[in-house]
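This report concerns only the one structure given below.
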Amino acid sequence: MKLLVDSGSTKADWIAIDDDGKVLFTTQTLGLNPEVLDKEEIIARLDNKFDISHNKDKATHLYFYGAGCGTDRMKKFLTEVFQKYFSKAIVVVHEDTYAAVYATTPKDEKAIVCILGTGSNCSYFDGKVLHQKVQSLGYIAMDDCSGNRFGRHLLRAYYFNQMPKVLAKEFEEEYNVDADYIKNNLYKEPNPNAYLATFAKFLIKHKDNPFCQKIIQAEMKDFTENYIMQFDNCRDVLVHFVGSIAFYLKDELEATLETYDIKIGNVLRRPIDGLIQYHILNKQ
C-alpha cells in the first residue's frame, strides 16, 4: 500500500493506493507543517485518523509533499518522524511545490509553478529539476498573496477602523473578533498561519467590494513582482497555480498577470488527484 500526501499548513489530503493505482481509501488530517509543529503534535494528528493509524503497518511507501519542507533540516526531521510511525514504509519527503509541479505540468515541460493557499510559493521547473530564487522566511515575513496574508490585512483593517462599516458589521457576525481570543490564536495556539487564513473566505466572498479589491490587487501585484518576475523567462513559459486562493480568485489572478504580459496556465484547487496519475505513470 502506497500513501500519497499533499499537505499544506491548514489540511493534508491522504490517498492510499495499491500497486495498480486503485484507491484504497482517502482521508484528511490537519496540516503537517514541520516549521510550526513539533513531533508530538504531528503524531497526535496522525493518531486522530483511524484510516491512517489502523493501516500504518501496511504502508510500503509514503510519498509526502508538504508545506514547510523546503529545507534539508525540515525534510530530515519529518522523515524521521514518519519513518518511526510507518515503520515498514520507505519514506520520501518533498516540499509541496513538487506536488504542484507533478499535478500541473506535462512531462518534461518547462513552467513556473506557484502555490497560493494558506501560504505561498513560486518555483521554476526546467522539465527535470525545480529551481527557486526566493528562500521563504515563513508567514510572518513573506507569503505574499496567501490566505494568511489576506487574514492579516483584514484583522488590521478591522482593528484600525479602516474596514467599511457594513463589512465590519458582517465581519463581527462571522468571526470572533474578541482581542483576547485573536491573540490566543495568534500567539499561543499551533498553526497561527492557518488561523489567519480562515479570514480569507471573507475576502473572497466580498471580492467585488472596492475595499477587498484593493487588498487582492495589491497582494497579487506583490506576488507577481516579488516571486514570478524573479525568473527572466516568466513571459516565455506558462505559469501554473495550485491552491484555494488561486482557484477562487482565478479571474483576478489572470487579469493581474495579463498586465505584466504573463500567461496563466493550469489552476487547480488541490494537486492530489494529479499525483495519483504521476505515481502510476512513473511506477513509484
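The values are calculated or read from the model by the stated rules, or taken from the named source; none is laboratory data. Being a predicted model, the structure only gives us computed values, none of them experimental. For neighbour counting, all protein chains shown are included, and Cβ atoms are generated from backbone atoms with ideal geometry for every residue, glycine included. These area figures cover heavy atoms from the full protein model, side chains too; ligands, DNA and RNA do not enter into them. Shrake-Rupley method; radii C 1.70, N 1.55, O 1.52, S 1.80 Å.
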Worksheet item: Any residue in the stretch 64-74 that is closer than 24 Å to THR27 by Cα, surrounded by 14 or more Cβ atoms within 10 Å (Cβ to Cβ) and of a type in the set (Ser, Thr, Tyr)?
Response: yes
Practice prompt. Hey, can you tell me all the residues within the stretch 164-192 that are more than 25 Å from ASP38 (Cα to Cα), in contact (Cβ under 8 Å) with a residue 12 or more places away in the chain, outside any helix (DSSP H, G or I) and not aromatic (Phe, Trp, Tyr)?
Written response: PRO164, VAL177
Discussion item. Just to be sure I understand, how many residues within the stretch 142-166 are more than 16 Å from the chain's Cα centre (by Cα) and either open to solvent by 10 Å² or more (accessible area, probe 1.4 Å) or basic (Lys, Arg) (or both)?
Written reply: 13
Practice prompt. Check whether at least one residue in the stretch 167-176 is open to solvent by less than 50 Å² (accessible area, probe 1.4 Å), within 24 Å of the chain's Cα centre (by Cα) and at pLDDT 95 or above, and report yes or no.
Written response: yes
Discussion item. Every residue in the stretch 210-235 that is polar (S, T, N, Q) and either outside any loop (DSSP other than H, G, I, E, B) or open to solvent by 50 Å² or more (accessible area, probe 1.4 Å) (or both), please.
Written reply: GLN213, GLN217, THR224, ASN226, GLN230
Worksheet entry | Residue among LEU238, LEU268 that is under 23 Å from GLY68 (Cα atoms), aliphatic (A, V, I, L, M), in contact with a strand residue (DSSP E or B) (Cβ under 8 Å, 6 or more places away or on another chain) and open to solvent by 40 Å² or more (accessible area, probe 1.4 Å) | LEU268
Worksheet item: Condition test on TYR195, is it assigned to a helix (DSSP H, G or I), more than 26 Å from ILE112 (Cβ to Cβ) and without any contact (Cβ under 8 Å) to a residue 24 or more places away in the chain?
Response: no
Worksheet item: Scanning for something in contact with a strand residue (DSSP E or B) (Cβ under 9 Å, 6 or more places away or on another chain), modelled with pLDDT of 95 or more, polar (S, T, N, Q) and part of a helix (DSSP H, G or I), does the stretch 104-119 turn up at least one residue?
Response: no
Worksheet item: Which residues, taken from the stretch 38-48, are open to solvent by 10 Å² or more (accessible area, probe 1.4 Å) and either of a type in the set (A, V, I, L, M, F, W, C) or part of a strand (DSSP E or B) (or both)?
Response: ILE43, ALA44
Discussion item. Filter the stretch 127-141 down to the residues that are of a type outside the set (Lys, Arg), open to solvent by 100 Å² or more (accessible area, probe 1.4 Å) and more than 18 Å from GLU225 (Cα to Cα) and list them by number.
Written reply: ILE140
Fill in: Matching residues in the stretch 89-142 - criterion: being under 22 Å from ARG235 (Cα atoms) and among the acidic types (Asp, Glu)
ASP108, GLU109, ASP126
